[in-house]
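Before any comments, here is the structure.
The values are calculated or read from the model by the stated rules, or taken from the named source; none is laboratory data. Keep in mind the model is a prediction, meaning the values are calculated, not measured. FYI the Cβ positions are ideal-geometry reconstructions off the backbone, even for glycines, and counts take in every protein chain you see. Keep in mind that these areas ignore ligands, DNA and RNA; they rest on the heavy atoms of the full protein, side chains included. Shrake-Rupley method; radii C 1.70, N 1.55, O 1.52, S 1.80 Å.
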Amino acid sequence: MSFTDIELEYLATQRLGRLATVQPNGTLQVSPVGFVYNASTKTIDIGGFRMATSRKFRNVADNGRVAFVVDDIASIQPWRVRCVEIRGHGEAITAPTDSAVSAPGIDGAIIRIHPKRIISFGIDDLDTDAHDLVPNKRDV
């Protein structure tokens, strides 16, 4: 399993993430996107309105390089941030055969992220001082 149970629990509570892709000229593009964890493929699936015509979709189709971050601020006093970062290979799928699972309620193209590296921080230990937390980093 690539994600821990705690990471999956955290991702299930969030609705928005940030997808970074590489444009043809090498510059980076970051886009806020909705997402869902697809348990059958163990991937992050991103759907959206007119996805197939978007720059992010074309970037993924061109080179497959992606990074995806889901984060939030759990508390301001004391300061407490949480996040899951996923680096991996993105797949631009024009007509997914499992769209009811991959992007519920959205028909059409999706970006499917196959994790290669996962970094999570602050989601599993709410008692340790934020400056003493250690990220969970691993290749999958």
Within segment 1-14, residues modelled with pLDDT of 95 or more and either in a strand (DSSP E or B) or open to solvent by 60 Å² or more (accessible area, probe 1.4 Å) (or both) come out as D5, I6, E9, A12, T13
The one condition in (1) on the phi > 0 side of the Ramachandran plot; (2) in a helix (DSSP H, G or I) that G108 fails to fulfil: (2)
How do the pairs read when you match residues in segment 39-57 that are in a strand (DSSP E or B) with residues anywhere that are modelled with pLDDT of 90 or more and among the basic types (K, R), using Cβ under 8 Å and keeping only pairs 6 or more apart or on different chains? T43/R112; I44/R112; D45/R112; I46/R112
Consider A74 carefully, then state whether it is modelled with pLDDT under 95, in a strand (DSSP E or B) and surrounded by fewer than 16 Cβ atoms within 10 Å (Cβ to Cβ). yes
Given the criterion in contact with a Gly (Cβ under 9 Å, 6 or more places away or on another chain) and within 30 Å of D129 (Cβ to Cβ), identify the matching residue among A92, A74, A20, A109. A74
So G17 ticks every box in (1) in contact (Cβ under 8 Å) with a residue 60 or more places away in the chain; (2) surrounded by 12 or more Cβ atoms within 10 Å (Cβ to Cβ) but one. Which box is left unticked? (1)
